[in-house]
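Let me begin by presenting the structure, written as structure tokens, before commenting on it.
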Number of protein chains: 2
Amino acid sequence: MTITANDPKRKTWLEVAKDSDFPIQNIPFGVFLTRDDIITIGTRIGDFAIDLGALHQLGYFDDIPLTDDIFLQDTLNDFIADGRKTWRAVRNKIAEIFDENNSTLKENKEHQRIVLFTLDEIEMQLPVQVGDYTDFYSSKEHATNVGELFRGKEDALLPNWLHVPVAYHGRSSSIIPSGIPVHRPKGQKMPKGSESPIFGPSRLVDFELEMAFITTAANPLGEPISVEDAEEYIFGMVLFNDWSARDIQKWEYVPLGPFLAKNFASSVSPWIVTLDALEPFRTEGPKPVKKQLDYLQSKGKKTFDINLEVAIQPEGKEETVVSKSNFKYLYWNMSQQLAHHTINGCPVNSGDMMGSGTISGPDESSFGSMLELSWNGEKPIKLNDGEDRKFINDNDTVIIRGHCENKSVRIGFGEVSTKLLPVYKA
Amino acid sequence: MTITANDPKRKTWLEVAKDSDFPIQNIPFGVFLTRDDIITIGTRIGDFAIDLGALHQLGYFDDIPLTDDIFLQDTLNDFIADGRKTWRAVRNKIAEIFDENNSTLKENKEHQRIVLFTLDEIEMQLPVQVGDYTDFYSSKEHATNVGELFRGKEDALLPNWLHVPVAYHGRSSSIIPSGIPVHRPKGQKMPKGSESPIFGPSRLVDFELEMAFITTAANPLGEPISVEDAEEYIFGMVLFNDWSARDIQKWEYVPLGPFLAKNFASSVSPWIVTLDALEPFRTEGPKPVKKQLDYLQSKGKKTFDINLEVAIQPEGKEETVVSKSNFKYLYWNMSQQLAHHTINGCPVNSGDMMGSGTISGPDESSFGSMLELSWNGEKPIKLNDGEDRKFINDNDTVIIRGHCENKSVRIGFGEVSTKLLPVYKA
């Protein structure tokens, strides 16, 4: 099926700002609470949220085989489970409904009243119930920086890194949508030179600039997915902030990996941008430095040119952009990640989320965490208000944004914005 | 509310073998497919499976506030979310219904025909939809053995181990009930002296003798649970086999922990034995070797005396018990584990599963994995048929059993039995 929704020439009868992340060529999917306190699946064009549940009830999707309640859900999991053919048909149909040359909904004010919401009338929810969340570690620059900081320059990049798309399992229960604040976590830390650990608030709370992809049901227990087939099972992507407490991490992470240093929160942008919408922005990733095993060898343009930035906004002040990076810097692409994840037969389900790992670029201005940007506090970052930041302060808001752009179209992710509250007090 | 269901003097009108794991004092909870292809929540007494959905429809739980469909579910998650008061009331009521002095169901053959099944008429399912699965590493003996094997005797127990109930996140999607076979996984391995990794079947597939506890919804994002309150949120326990591929593990696990070496399968016994049923078997765990931080200090009998054993059964042959251990050997108890898990505000939901980590005891016969029992292959284990085992062979079945016993009652878990199939071929 052709992705007619991607036609760069299409215009919509809805008003869309020129620099919007959500032109009619985007058509992402999300879940929101409406002004009538109903949870529904929707999409977004410009600054309008569109109730797909209502559109379906009004018959606008009648020529696509969909169950009646497919959009009347509080997560996208069932819709995602329907597979790529359905996603594509629905996205094409939405493009058609809102095309400036289609007068059906354009001239039906009554229907518009039912299906269109302004952004201040809705409350975005987590778009999927995350069955399992895996976090990769796929930026060579990030792995090298962190390795140097934690283990010294000699052992910076570990021997397995160029062969294995290293990953670990994260915590699904603490994945939250943009807008939900997070408390500074408490935990065990081992001060330098001390005999035993102390307990208290983390002093080194950090963001991690990541993206995540969301899968459909891919494989039963025992059966791998090939690197060639992997994209068939990727629904779309979101921005992802993998909050981290570096002092807790340093003490706890040997030998089984990060645990409490990470699982207090990870925040995501609420609109899932489909892989289909990202088609025009395909690009090749970095060339392999070492020969990769057969099951990981990937050909062609398997990654995407997505501009990313991170801003810190102290309370009541303007924000400062502290990093500009790009998704294409990642050494391991999503197809390789999914092939690796399933090579042992591990089953992947609809709604699973796979984080990229921190996306650091080649130079300092593109590092994806404060750990790297401030070089573990040695080089504080200057904010626009003149203040310094080594890590994240109480009441700072961290905002990650991302978008793709070419001469004819801009496809964006909006943002994930999360405020760090002081330590929780009972 | 008194746990009247635990009355050791109670007898049932159902036939129960003397050495059954499931006397009327047990009353575990599980999910099964009936002979009529209906999925329901049930319990077990002796060798009878009891359809609680049907019992509820027949009015047997009318004096307990329960929703109509609470047992007509394909997982226990909603029932578990109802909390300890409900679990206790339902368990007490079931004991009453099957008490030999209660003639209501005893003399109603028609109702019995509807609610009672023999074990060969049902198919046990995974009892919960596991939202998140965490695996602890709480046996000092196991951590010491593995540390010695992977890093040498000097660094065997890492500096953080006596302070931190070390844990990592596991994969929920590959948790399977007893009876489902597992394929030997393929993956990357780094042969000694080699320059680069090779790809192929794991040669070192292992079991891990564990137990796991299942939680109810415990805390919202940001709010810790205290060690004193923790048991309030523990529904019950199962036997847990955390399948592991040691060669894959060794190459991939630094720095983020085990991933593909573990997530190809973990198998569980299908009946969840409630913490209430285990009350008579409370005991104290090992004395702390080092002072523990305040949030981890636990008083009194916070663990349970549960006898555990592992048997290997080669295809078509008799089984050999290769390990006998006990849950009480664990250094960190479940209350400490849950307090640690949430101290940073990580939310715990209904149906989450927390593995204990391999439960090794003080002597060689109580080690909980082949890695330890065969000392990484140096000392093969002799099976009853004369064959040797260093790790698990294709078509071996691994069976874990567990039970508590005192003078008046035996409360058991049944078993988790899993066959290792050869590598998957497409």
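Please treat every number below as a calculation from the coordinates, not as lab data. Worth saying up front: this structure is predicted, and the values here are computed from it rather than measured. Here Cβ is always computed from backbone atoms with ideal geometry, including for glycine, and neighbour counts include all displayed protein chains.
Other chains' Cβ within 10 Å of B:182-190 residues: what's the mean?
Per residue, the number of nearby Cβ atoms from other chains is 5 on average.
Along the three principal axes, how long is the range A:87-224 when you take its alpha carbons, biggest first, rounded to the nearest angstrom?
73, 39, 30
Looking down the axis that turns A into B, which residue of A has the closest beta carbon, and how many Å out?
Reported as residue, whole Å: A:257, 1.
Say a paramagnetic label sat at a point 7 Å from the Cα of residue B:113, along Cα to Cβ; which residues of the range B:51-87 have their backbone N under 20 Å from it?
Residues B:51-60 qualify, since their backbone N sits under 20 Å from the label point.
For the range B:223-235, just list the computed ³J(HN,Hα) in residue order, Karplus coefficients 6.51, -1.76 and 1.60, θ = phi - 60°, integers in Hz, with x standing in for Gly and Pro.
My calculation for the range B:223-235 gives 10, x, 10, 7, 4, 5, 8, 3, 4, 4, 9, 9, 6 Hz in order.
Of chain A, which part is the longest with no trypsin sites (Lys or Arg not before Pro) in a loop (DSSP not H, G, I, E, B) and with at most 16 other C-beta atoms within 10 angstrom?
A:36-152
Straight distance only, please: which aspartates and glutamates reach the Cα of residue B:106 with their own Cα at less than 16 Å, same-chain residues fewer than 8 apart left out?
Filter leaves B:15, B:51, B:96.
Rounded to the nearest 20 Debye, what is the dipole magnitude of chain A about its Cα centre when Lys and Arg each give +1 and Asp and Glu each give -1 at the C-beta?
In debye, rounded to 20, chain A gives about 1120.
Could you work out the relative contact order of the range A:231-289? I mean the mean sequence separation of Cα pairs under 8 Å and 6+ apart, divided by the number of residues, in percent.
42
If a/c stays under 1.5 just call it rounded; otherwise compare a/b with b/c (prolate if a/b is bigger, oblate if not). Do that for the range B:4-125, with a ≥ b ≥ c from the square roots of the Cα gyration tensor eigenvalues.
Rounded is the answer for the range B:4-125, as its axis ratio a/c remains below 1.5.
For residue A:408 and residue A:67, what is the calculated FRET efficiency with R₀ set at 56 Å and r taken between the beta-carbons, to the nearest 0.05?
So the FRET efficiency works out to roughly 0.95.
Cross-link candidates for residue A:291: which aspartates and glutamates have Cα within less than 20 Å, leaving aside residues fewer than 8 places away along the same chain?
Counting by Cα, and skipping residues close in sequence, residue A:291 has these aspartates and glutamates nearby: A:141, A:228, B:195, B:252.
Among rounded, prolate and oblate, which fits the range B:229-333 when a ≥ b ≥ c are the square roots of the eigenvalues of its C-alpha gyration tensor, a/c under 1.5 means rounded, and a/b larger than b/c means prolate?
Oblate is the answer for the range B:229-333, as a/c is 1.5 or above yet b/c matches or exceeds a/b.
Compute the relative contact order of the range B:4-125 as a whole-number percentage, counting only Cα pairs closer than 8 Å that sit 6 or more residues apart in sequence.
The normalised contact order for the range B:4-125 reaches 34 percent.
Starting from the Cα of residue B:81, move 7 Å in the Cα-to-Cβ direction to define the label point; list residues of the range B:270-299 whose amide nitrogen is under 19 Å from there.
No residue qualifies, since no backbone N sits under 19 Å from the label point.
With a point put 7 Å past each Cα toward its Cβ, work out how far residue B:195 is from residue B:291 in nm, to one decimal.
5.5
Report, by chain and number, residues whose modeled amide H sits under 5 Å from the one on residue A:183, excluding near sequence neighbours (fewer than 5 apart, same chain).
Sorted by chain and number, the residues that satisfy this are A:421.
Could you tell me how far the Cα centroid of the range A:263-301 sits from the Cα centroid of the range A:3-70, in Å?
Taking the Cα centre of each part, the range A:3-70 and the range A:263-301 sit 25 Å apart.
Along Cα-to-Cβ, 7 Å out, sits the label point; list in nm, shortest first, how far the one on residue B:229 is from those in the other copies.
4.7
From the phi angles alone, apply the Karplus equation (6.51, -1.76, 1.60; θ = phi - 60°) to the range A:348-361 and give each ³J(HN,Hα) in whole Hz, x where the residue is Gly or Pro.
Those phi angles translate into 10, 10, 5, x, 5, 10, 10, x, 7, x, 4, 9, 9, x Hz.
State, to one decimal in nm and shortest first, how far the label point of residue B:381 sits from each corresponding label point in the other identical copies (label point: 7 angstrom along Cα-to-Cβ).
Nearest to farthest, the other copies are at 5.2 nm.
Just to confirm the filter: which GluC sites (Glu not before Pro) across the range A:376-416 are DSSP coil and have at most 10 other Cβ within 10 angstrom of their Cβ?
Taking the range A:376-416 and a limit of 10 other Cβ atoms within 10 Å, the loop GluC sites (Glu not before Pro) found are A:378.
From the label point of residue A:394, set 7 Å along Cα to the beta carbon, how far off in nm is each other copy's matching point, shortest first?
So the distances to the same position in the other copies read 6.2 nm.
Would you calculate the volume per residue, in Å³, of the smallest convex hull containing every Cα atom of the protein assembly as shown?
Output value, Cα hull per residue: 175 Å³.
For chain A, what's the radius of gyration and Dmax over Cα atoms, in angstrom?
Taking only Cα atoms of chain A, I get Rg and Dmax of 21.7, 74 Å.
Which FRET efficiency, nearest 0.05, do residue B:324 and residue A:379 yield, Cβ-Cβ r, R0 45 Å?
Calculated value: 0.20.
Give the calculated FRET efficiency between residue B:47 and residue B:226 to the nearest 0.05, with a Förster radius of 41 Å applied to their Cβ-Cβ distance.
FRET efficiency, residue B:47 to residue B:226: 0.50.
Using the alpha-carbon centroid of each, what span in Å lies between the range A:72-118 and the range B:326-399?
For the range A:72-118 versus the range B:326-399, the Cα centre distance is 51 Å.
Using the 10 angstrom Cβ neighbour count as an exposure proxy, how do B:14, B:52, B:239 rank, fewest first?
Result, fewest neighbours first: B:14, B:52, B:239.
Subtracting the Cα-Cα distance from 0.36 nm times the residue separation, let me have the gained length for residue B:39 to residue B:101 in nm, one decimal.
Net length gain for the segment: 19.3 nm.
So for chain B, averaging the separation of alpha carbon pairs under 8 Å that are six or more residues apart and normalising by length, what relative contact order in percent results?
The value is 21 percent.
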